[in-house]
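A.B. asks: Got a structure for you, questions after.
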Amino acid sequence: MIEISNAAAPLLIQALQDAVRYNEQLLNSETLRDRADYEEHLLEVSQFYAEIKAQYKRIEDEVGIPLEELL
């Protein structure tokens, strides 16, 4: 388990959300050469994002910002 400070947790959630969106849009690009590599990367980033969101829910009250407000 990764230990995330309360101050960094909201930023990490938003950064990973941006990373998932960016990579999803990249997969729609006509210029991709090796689509499988990008699909694998998106899968790994998405799984990491899901894990971080689950961990965030555990510290949500301490942070003071509901996860739903960050999404």
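Here, each number is a calculation from the coordinates, and none is a lab measurement. Please read all numbers here as calculations on a predicted model, not as lab measurements. Every residue, glycine as well, gets a Cβ built from its backbone with ideal geometry; the counts of neighbours run over all protein chains shown.
A.B. asks: Mind telling me which of 55, 17, 25 comes out most flexible in a GNM of the chain, alpha-carbon contacts under 10 Å?
C.D. replies: Sorting by GNM fluctuation, first place goes to 25.
A.B. asks: Which ³J(HN,Hα) values, rounded to whole Hz and listed in residue order, are derived for the range 19-32 from phi using the Karplus coefficients 6.51, -1.76 and 1.60 in 6.51 cos²θ - 1.76 cosθ + 1.60 with θ = phi - 60°, glycine and proline given as x?
C.D. replies: Each residue's phi maps through the Karplus curve to give 5, 5, 4, 4, 5, 5, 5, 4, 5, 7, 6, 7, 8, 5 Hz.
A.B. asks: Please give the helix 35-63 orientation as an angle from the longest Cα principal axis of the chain, in degrees from 0 to 90, rounded to the nearest 10.
C.D. replies: 10 degrees
A.B. asks: Based on Cβ point charges of +1 for Lys and Arg and -1 for Asp and Glu, what charge dipole magnitude is obtained for the chain about its Cα centre, in debye rounded to the nearest 20?
C.D. replies: Here the size comes out at about 40 debye.
A.B. asks: A follow-up question, please. Counting each DSSP H run of 4 or more residues in the chain as -39500 (n - 2.57), what helix-only mean residue ellipticity at 222 nm follows after dividing by all residues, to the nearest 500 deg cm²/dmol?
C.D. replies: Using -39500 (n - 2.57) per qualifying helix, the result is -24500 deg cm²/dmol.
A.B. asks: Just to be sure I understand: with springs between alpha-carbon atoms less than 10 Å apart, which residue in 54, 15, 36 has the highest mean-square fluctuation in the Gaussian network model of the chain?
C.D. replies: Highest fluctuation of the listed residues: 36.
A.B. asks: Volume per residue, Å³, of the convex hull around the alpha-carbon atoms of the chain?
C.D. replies: In the chain, the Cα convex hull volume per residue is 80 Å³.
A.B. asks: Here's another thing I want to ask about it. How high is the relative contact order of the chain? Use alpha-carbon pairs under 8 Å, at least six apart in sequence, and give a whole percent.
C.D. replies: 46 percent
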